[in-house]
Amino acid sequence: MKEIIAGNKSLVRAIIRKITGSYNEDIEQEVYIKTWRNLDKYKEEGKFRQWLGTLTANVCRDYFKSKRYIQSRVETSDEEILETPCVSSSPEEIIDSKNRQKIILNAVNHLPAKMKKVVVLAEFEGWSQEQIATKLGIPVGTVKSRLFNAKKILSEQLSFLIKGE
């Protein structure tokens, strides 16, 4: 197993980076565990690197489907979500922008849990309504309804931000 890891580490890491957008040690470890568990199922019909690459891609896809991933995205800290204001902005504008973002995130955090998940996935992660429905195991109509109601609540709670401009 040591030879497999040593000889394929760069391949596994490259696939993880390509699919997830960053290196994830947990996914890499899961790949090696699944490789070890399924080594007896590998048939010499194709290249081992192809088999390992497919296994790695499947582990990455499984990670995106996992409750752990979805929960981690819903509970992402404010600092990870906050956008960095334009460098040419004055210090006052940067502080104001960060404050506005924190107010918005706070309002999202206080939404009912079901609405919060849908808003985070749609607005912060950029997922389509169909993707959200599939990941959460709910109908697309429910996703649309939750988004509509969440946006209505947020617009009422955050209307002072628009008036203040």
**Q.** the stretch 10-65, accessible area per residue, ligands and nucleic acids excluded (1.4 Å, Å²)
**A.** 67
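Using a 1.4 Å probe and counting only protein heavy atoms, arrange 17, 37 so the residue with the most accessible area comes first.
Ranked from most to least accessible, the order is 37, 17.
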Q: Please give the length that would be gained between residue 103 and residue 20 if that part of the chain were fully extended, namely 0.36 nm times their separation in residues minus their C-alpha to C-alpha distance (nm, one decimal).
A: 27.0 nm
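In what sequence, largest accessible area first, do 23, 42, 32 appear using a 1.4 Å probe? It would help to have the intermediate numbers written out before the result.
Values: 23 85, 42 40, 32 20 Å².
Descending order: 23, 42, 32.
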Q. Of 4, 162, 16, which has the most accessible area with a 1.4 Å probe, and how do the rest follow in descending order?
A. 162, 4, 16
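The values are calculated or read from the model by the stated rules, or taken from the named source; none is laboratory data. These numbers were taken from a predicted model, which means no experiment stands behind them. With ligands, DNA and RNA removed, areas are computed over all heavy atoms of the protein, side chains included. Shrake-Rupley method; radii C 1.70, N 1.55, O 1.52, S 1.80 Å.
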